[in-house]
Amino acid sequence: MKTLYDLNIDCFGKIHSLHTVNESTLRLSQMGLVPGSIIRMIKKNPFGGPLELKLNDYYVAIRKEDAKMIQVEAL
């Protein structure tokens, strides 16, 4: 299974699970990144910068380290 970081730009994915530390899991779930959510990769910044995602009708930015801990199913 792919991680969120492996998702290509303009591709959709469905979040399968989060394998992060408790603080990160809480923060990400408060932003709406929960299992079953459909997301779209908008932008990957160079040199390990944050990723921009579209979730529902809004945009969120998350760290590369967090994106590598989220398992997604490509759609």
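The values are calculated or read from the model by the stated rules, or taken from the named source; none is laboratory data. Bear in mind the structure is a predicted one, so any value in this text is a computation, not a measurement. All Cβ positions, glycine included, derive from the backbone under ideal geometry; neighbour counts span all protein chains shown. The accessibility values were calculated without ligands, DNA or RNA, using every heavy atom of the protein model including side chains. Shrake-Rupley method; radii C 1.70, N 1.55, O 1.52, S 1.80 Å.
Structural remarks
- Test: residue 29 is in contact with a helix residue (DSSP H, G or I) (Cβ under 6 Å, 6 or more places away or on another chain) and surrounded by 14 or more Cβ atoms within 10 Å (Cβ to Cβ): no
- Test result for residue 10, open to solvent by 50 Å² or more (accessible area, probe 1.4 Å), of a type in the set (Asp, Glu) and outside any strand (DSSP E or B): yes
- Subset of region 36-52 (residues that are open to solvent by less than 60 Å² (accessible area, probe 1.4 Å) and of a type in the set (Val, Ile, Thr)): 39, 42
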